[in-house]
Amino acid sequence: MKRTLRLLLTIGVSLVCVSLFAQKFPNYPIPQQPDTLRILGIGNSFTDDGMMYLPELLEAAGIRNVVLGRLYIAGCSLERHCREYAGNAPAYIYYKSASNRWETVSKKATLLDGITDERWDVVVLQQSSGKSGIYPTYQPWFGRLVEIVRWNCPNAGACIAWQQTWAYARNSQHRDFGRYEKNQQLMYRGIVSSVEQLMRETSVEVVVPSGTAIQDLRSTALCDSLDLTRDGYHLNPGAGRYTAACAWFQTLVAPAFGTNVAGNGCRLAGTPHELTPQEAEACQEAARRACIRRFSVWTEPVAGEGGTAAR
């Protein structure tokens, strides 16, 4: 209890300090009915987990005019992205999907290579997982990374969005889990609080609620001994990654094209991770609920389920 109070006090004092670095910046909405929608994720393995099955969902929805990009460095934080840019280091693996299939563009890409490659409509950022629930680690690096994107992206009107990542499994052995007293709920609440702070202090409005979608699904029969992860923190290649991809689709693709992830026919057929129709529906519902209520898990029936409206 004393450790929890000290942690909360430290975060509270730090929030006052880092608020000095936070600032509003021009931001823009997701385009409506574009000829081509272009989405770039700048992050790490959690970005990979979130975006991995987006091409399959797009293909199943009959959408073939979305270009996706992923700039990956393992465990990369906001601070490191800024430092890699300053050194123009070819430290990234750059993946791209232009026809609903991921391909490796370069294993020695710079941040600039990815940002300038397309007229990106949406650029999704995130913090490294262990720091995602500690807002003082966001600034001033988030603001600097936004400036880097704004200065170099060929589309001056790109939407800067954010991926809310997920808490570790309850039995995770990740070295950063100690930051949250190895308590999944404490980590989830820290992540939620940090993203809410980011939205208050900056111009971020579009949030991909992968973390809330996963936390929601953890209360269902699909939750396994590793809490939908494969190692205590990375999402498993079945329901875990599928649910996160559904959250990305529902947040970024659905509003652009006036569609919905509900009823999407993607089941990961032909892979070892194929889902039953019932499992896929449960994942889609978790993502849809998270996109309506981004910062808390729904514990009561949603509207239309038993006649109880969400509160």
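The values are calculated or read from the model by the stated rules, or taken from the named source; none is laboratory data. Remember, it's a predicted structure, so these values are computed and weren't measured experimentally. Cβ placement follows ideal geometry from the backbone for every residue including glycine, while neighbour counts extend to all protein chains displayed. Ligands, DNA and RNA are stripped out before the accessible areas are found, and what is left, the full protein with its side chains, is counted by its heavy atoms. Shrake-Rupley method; radii C 1.70, N 1.55, O 1.52, S 1.80 Å.
Here the Gaussian network model covers the chain, with springs between Cα atoms less than 10 Å apart; of Thr165, Thr276, Thr36, Thr276 fluctuates the most. Rounded to the nearest 500, the 222 nm mean residue ellipticity of the chain from helices alone is -11000 deg cm²/dmol, with -39,500 (n - 2.57) taken per DSSP H run of at least 4 residues. Computed with every protein chain present, the accessible area of Ser219 is close to 90 Å² [probe 1.4 Å]. Applying a length cut-off of 15 Å (Cα extent along the axis) and a mean Kyte-Doolittle floor of 1.6 to the DSSP H helices of the chain leaves no helix.
Arg230 to Gln278: extension gain in nm, 0.36 nm per residue of separation minus the Cα-Cα distance?
Taking 0.36 nm per residue and subtracting the Cα distance, the gain is 15.1 nm.
Need one word for the stretch 153-311: rounded, prolate or oblate. Basis is the Cα gyration tensor (sqrt eigenvalues a ≥ b ≥ c); a/c below 1.5 gives rounded, then a/b vs b/c decides.
Because its axes are fairly even, with a/c under 1.5, the stretch 153-311 counts as rounded.
Amide H to amide H distances under 5 Å link Val67 with Leu37, Arg38, Ile39, where only residues 5 or more positions off or on other chains count and H is placed in the peptide plane. What percentage of the solvent-accessible surface of the chain, computed with a 1.4 Å probe over protein heavy atoms, is contributed by carbon and sulfur atoms? The computed percentage sits at 52. Surface analysis of the chain yields an accessible area of 43 Å² per residue, using protein heavy atoms and a 1.4 Å probe.
Overall form of the stretch 160-248: oblate. Here a/c, set by the Cα gyration tensor axes a ≥ b ≥ c, is 1.5 or more, and a/b is not larger than b/c.
Among beta bridges identified by DSSP and lying wholly in the stretch 31-135, the antiparallel ones come to about 50 percent. When Cys153, Cys223 are compared by accessible area at a 1.4 angstrom probe, the order from most to least is Cys223, Cys153.
When the chain is treated as a GNM with alpha-carbon contacts under 10 Å, the residue of Ala280, Ala109, Ala169 showing the greatest mean-square fluctuation is Ala109. From the square roots a ≥ b ≥ c of the eigenvalues of the alpha-carbon gyration tensor of the stretch 24-103, which class results: rounded (a/c under 1.5), prolate (a/b over b/c), or oblate? Judged from the Cα gyration tensor, the stretch 24-103 comes out oblate (a/c at least 1.5, b/c at or above a/b). Across the chain the C-alpha pair distances fall into 10 Å bins from zero in the proportions 6, 28, 37, 23, 5, 0 percent.
May I ask you to derive the relative contact order of the stretch 201-275, considering only C-alpha pairs under 8 Å and at least 6 residues apart, and to give it as an integer percent? Reported relative contact order: 28 percent. Counted over the chain, the DSSP beta bridges are approximately 40% antiparallel. Taking 7 Å steps out from each Cα toward its Cβ at Ala86 and Asn65 produces label points 4.2 nm apart.
Residues Asp227, Asp176, ordered by accessible area of protein heavy atoms at a 1.4 angstrom probe radius and largest first, appear as Asp176, Asp227.
The lysine pair count for the chain, using Cα distances under 21 Å and pairs eight or more places apart or on different chains, is 4.
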